[in-house]
Every structure is written in structure tokens, then in C-alpha cells.
Amino acid sequence: MADEKQRSLRLLSASPFPLPHGLRFSYGTAGFRSDGAILSSTVFRAGIVAALRALKRGSAIGVMITASHNPVADNGVKIADPDGGMMTQTWEPFADALANAPDPQTLLQLVLEFAKDENIPLGGAQSAEILLGRDTRPSGEFLLEAAKQGITAIIGAATIDMGIVTTPQLHWMVRSRNNGLKASESDYFAQLADSFRCLMDLVPNEVEKKGVDTKLIVDGANGVGGAKLEVLKEMLMGVEIHTRNSGKDGEGILNEKCGADYVQKEKVVPCGFGSDDVGVRCTSLDGDADRLVYFHVLSASNDRIDLVDGDKILSLFAIFIKEQLKILNDEKDDGLKKELPARLGIVQTAYANGASTDYLKQMGLEVVSTPTGVKYLHKKASEYDVGIYFEANRHGTILFSENFISLLESRNNELASTSSGSEHHKAAQRLLAVSQLINQAVGDALSGLLLVEAILQSMGWSFKKWSELYHDLPSRQLKVKVADRSAIITANAETQVVKPSGLQEAIDMETAKYTRGRCFVRPSGTEDVVRVYAEGTTQEAADSLAKSVAEHVTRLLGYSQKTWEKSLSLPLPSARKRKTGPRSPLNLTWPNLT
Ligand SMILES: CC(=O)N[C@H]1[C@@H](OP(=O)(O)O)O[C@H](CO)[C@@H](O)[C@@H]1O
Ligand SMILES: [Mg+2]
């Protein structure tokens, strides 16, 4: 142990990555994120956290260098746990403490104390693996080196560099590796292509005869997702994918006037799209390809779009899976009377449009709500045999329980021998293919878009039919600056305010003035604001409900700034504003980061 301490002390003190003066870093939903030029000490320290986590769990851990939809000069680092999900929240305070340790001695002290408390062996005899990945940002290579050095300071050479990958690819690789499965990039592509082919082979004949539009134009955000899709599309049959903004040969700037975040917030066509694309199915990925939106260019004369967001992607998945489960459990024509019990759960947050929740419930689905943040949705979805979750802002996936998959596999084998090619058999095969196609580690734009395409083909649906599944209720989101947002405590998946007293009563009173009004407030987890969300039957009603509730928030909590800004649905993001505006001297966690 003494030797180990000496070795680590030498390595940590020799660290060429001093903490930038006067800055504070915080591990949020998206890990650490900041200007790429000042992030090396943070990434070095995140490497240390990842190495300790790998030792603690005795499994492979992932480190991904990305800043998702943020501007190209930004970068970030996040850690994937052995199951491919986000690093456990319980380690976030340690990650923060390490990232902000003022000098190598404090850093080492923190490491040694934490290792002791957590019973992590630092003797060097244990083996641990850390899979490293980065997106296409120019600062990525240097930062990856910093991560490697942090890892090496703790456990010597234990890194496997996966190169430039999407965030979901890296999470998938960690998950697969820990499940003893093949985990290279070509394995990932092969799994997606094979399961997609299987779903396409099972498109009903009558639908195939009618013919569904197979053309899809993909906006790759000039990032890693576009580049990967260029490879993947060569392996696909039955869909005609055209990639734009694929970042080829350094053309186009990452996330600049393109990508899922831009399209959803600005509600306009991304660069490279225009009048020729009217009526064609289009989709946008974000900078690290873990989110996607679909859209239609509405007219040749302006840049407006018809947007399909996470709620509708979720609805499409839910309808398809419900239908397959129904077919599988239908009165058997094959003498097999067995039911395959499957609890299907739909998980949303309070930000899901009320029309989507109503629609899903009308379809007879079990819909539950969790607090905001993928970690809550993912956990809830994992309690079902099949759990589907999406945030309205388009991050989500489908989870299948191990038990359900093994029952489904035996049922599939049984059907293959007793009634191969029957509707029941096809339904079982489709469900198995979905479980292979969808990335069960995290939301994945590439696997998500292939599933959307396969389902639209299977059901013979046009984009229009999908988009008109239900009509969103008009909504408005506002941000309110208050003196201390932590003064708001919520319950019931953030739909009710418990503190300060009087606020929920005020919300109820305002909401009661509107037909089908719905409103809630909660402190943001990523920005120093209180968010107000309101829905109504007209845009005016939603706007006015949000405004009056925002006034109550200000009245009861005081404010640090006179104005409140419109948010999310309006063009306020980050990039261009932040280039010119001052950065917070204290906290470098930025809004809406995954
Ligand atoms: C209303 C909204 O969009 N909230 C976003 C935002 O969280 P807030 O806690 O609302 O700041 O960032 C999260 C992380 O990216 C994302 O999961 C979530 O959906
Ligand atoms: Mg992303």
C-alpha cells in the first residue's frame, strides 16, 4: 500500500493538468462539460474516478469525451457504469470533490480516503478495464490522453481506446463486454443491421404490396452520428438513407445550424435542407447521436417544419409493441394455449404533452410519470417486462427484462417447431428483433431511427399518419430567476409543490380558470432557474397560465433578475449567446446537456 501511495503520488503530482484558476466544475446529468480548452484537469480527474469505479465493480467502465449538441469548442466527459447506464449518482459528490481539488496533495488525499471508505483495493493486483471513446471534436484527442493518464495513475495500463464513436455506441460496448458478448464497433453495426433486416423481412405482404415511402434524409449534425450512419447504411436493405451534414472531410461545423437540438428548439429546417425536400421524411441527430427528431419540410417558400418529438416516437414504439404482444397472446390457432405474461409500461415525465398521455391511456397502456432526468425514467422502465421511456425532448429507449427475453426465446423456439411462419411466430420474432435493434444501455439515435423506419414500414404508415396520431396541446415553458430555487420542494413526480406553502394553492387557483389547463413548477437541475410549464386548449391560454403562475413564483420566492425568459420552445440556446456572453465564474454545468 505504501508503495502504491508513492507511485500514485508521483503520478498525480507529475500531472501536467493544473486546475484552472477560479473555476468550479460539477458532475451533472451529462457529466462534466465546459470549454474544451480548459477541461484537461477535469478529464484527468474523471479518469481517476473511472479507474476507481472499475476497481470497485470489478467490471468494465466507459469514459466518453463529448459535449453532445453544444458548440464545437466545448467538450465534456461522462462515465458509463458496468450496465452501460450513467454512473451511479452516489459517486457524483466524489467526482465533484476530485474535479475541484486545488492541488495534487489534496487530490491524492481524497483518492486514498475514498478508496478506504469504499473498500477499493489499490494494491495493483486487480485487473480492471476502461473503454474510452470520443466524438469528432478537435479537443477530443488531447482530452482522451488526459483521461488515460488519470486512469494510469490509479491502475496502470487498463484502457481500451474505442476511437471516435457515438455516445450510445460506447455505452453499448460497455454493456456488451460486461455481458460477455462481442463488443466491437463492427459487432454493433452487425447487430443493428441483422435485427433491422429481420424486422423488414417480417413486413406483412399486404403492406409491402401497398408500398410505403422508403426514402429518409438524415441530418447528421456534422458530427459522429452522420459519419457512422454512412457506414451503417451500406449494410441496410429496404430503406434508402441519404445523409446530409455528415461532417465528411471536415465540411460544416458541428451542431452549427443543424442537429436535433437546433431543429427542435428553432423549429426550422437545418442547413442543407430546403424546398426539394418538401414531403420527404427527414430526421436530425444530435452531435453525439443519442437523440433524434423527425420532421417534414412544410413548404418550398419558408423554412417551417412539422416536428415529431420524443412523445410521438414513444407512442409509435408503444403501439407496435402492444400490437405484437397482443398477436402473441391471441387465442391460439395452434393448440398452444399458453399466455406470455408481459407487463408493458410507458414512462414519461410531466413535460410529456398531455395529449400524448391521454392518447397512450386511451390505447389501454399503463403510463407512469417520473421526475425529470433520464436516470429516473430508465430506472422506472427497468421495473417492467417491457418498459418504454422517452423525455419529450427526445431521449429514450426500450428496456426488456432478462426474464421476459428468456421466456420469449423459449416461446419463439416452440413456435418455430410447431407453427413456423404463423402470426404468433412472427410476433415473437419481431419482439426479439426489437430487443436486439434498440440500444438497451441508453437512448441511441441510430438504433432509434432504424426502429422507427422498420415500424413505419411494418404498419404501412406515412409520416403524416404518424404525425397526426394526436394533436399536441398548446404549451408554454418559462424560466423564472429566483433568489434560491432550492426553496421549491416538489412531490408526485414534480407535479405538486410541497414548499413554499401557498404556491400549489396559487397554481391550482390559476389552473382552474382554464379548460383542460395543466401547470407545474420545479427547480431546474441544470440551470439556476425555476421552470414553469403550462398547457391549455389554446396557445393564448397556455401563455397566460404560465405567465400568471410565474408571477406567483416571483411573488413567493423573490427574484434576482426582473425578467423571465421564454424557454426551450424558443430560440435561446446557448451557442451563439454564450460565445459573446460571460461565463459563470462558479459553475460550469450548462443547461439541457445530454
Ligand atoms: C425541461 C427540460 O427539457 N429539462 C431537461 C433539462 O433538465 P432540467 O432539470 O429541467 O434543467 O436537462 C436534462 C439533462 O439534459 C434533461 O434530461 C431534461 O429533460
Ligand atoms: Mg446528445
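The values are calculated or read from the model by the stated rules, or taken from the named source; none is laboratory data. All values reported here derive from a predicted model rather than from experimental measurement. Don't worry about glycine lacking a Cβ; one is built from the backbone with ideal geometry, like all the others, and counts go over all protein chains shown. When the accessible area is computed, the model is the full protein with side chains, heavy atoms only, and any ligands, DNA or RNA have been set aside. Shrake-Rupley method; radii C 1.70, N 1.55, O 1.52, S 1.80 Å.
Derived scalar couplings between HN and Hα for region 95-107 equal 4, 4, 4, 5, 4, 9, 4, x, 8, x, 5, 4, 4 Hz in order, rounded to whole Hz, by the Karplus curve 6.51 cos²θ - 1.76 cosθ + 1.60 (θ = phi - 60°), x for Gly and Pro. If you take the Cα centroid of region 285-363 and the Cα centroid of region 154-220, the two points sit 20 Å apart. Given the pairs Lys312/Lys361; Lys248/Lys312; Lys322/Lys465; Lys209/Lys426, which are separated by over 24 angstrom at their Cα positions? Beyond 24 Å between Cα atoms: Lys248/Lys312. Tell me, what is a quarter of the convex hull surface for the C-alpha atoms of the chain, in nm² with one decimal? Reported value for the Cα convex hull: 27.9 nm². Phi angles of region 282-294 translate, via the Karplus equation with coefficients 6.51, -1.76, 1.60 and θ = phi - 60°, into HN-Hα couplings of 10, 9, 10, 9, 8, x, 10, 6, 10, 9, 8, 10, 9 Hz per residue; Gly and Pro are given as x. Pairs of Cα atoms nearer than 8 Å and 6+ residues apart set the relative contact order; for region 369-498 it is 20 percent.
Summing charges over neighbours of Leu98, with a neighbour being any other residue whose Cβ is under 14 Å away from its Cβ, gives -3 when K and R count +1 and D and E count -1. By accessible area, using a 1.4 Å probe on protein heavy atoms only, region 311-467 has 49% of its surface on carbon and sulfur.
Each DSSP beta bridge with both residues in region 311-467 is either parallel or antiparallel, and the antiparallel ones are about 35%.
In sequence order, region 549-558 has phi-based couplings of 5, 4, 5, 5, 4, 4, 4, 8, 10, x Hz under the Karplus curve 6.51 cos²θ - 1.76 cosθ + 1.60, θ = phi - 60°, and Gly or Pro positions carry x. Taking amide H positions as modeled 1.01 Å from N, with prolines and chain starts lacking one, no residue 5 or more places away or on another chain lies under 5 Å from Tyr514. Projected onto the charge dipole of the chain (+1 at Lys/Arg Cβ, -1 at Asp/Glu Cβ, origin at the Cα centre), which of Val497, Thr88, Gln169 gives the Cα projection farthest towards the positive end? The listed residue farthest towards the positive side: Val497.
The mean sequence distance of close C-alpha pairs (under 8 Å, at least 6 residues apart), as a share of the length of the chain, puts its relative contact order at 14 percent. When peptides 544-550, 209-215 are ranked by their average number of other Cβ atoms within 10 Å per residue, the highest-first order is 544-550, 209-215.
DSSP beta bridges confined to the chain are antiparallel in about 60 percent of cases.
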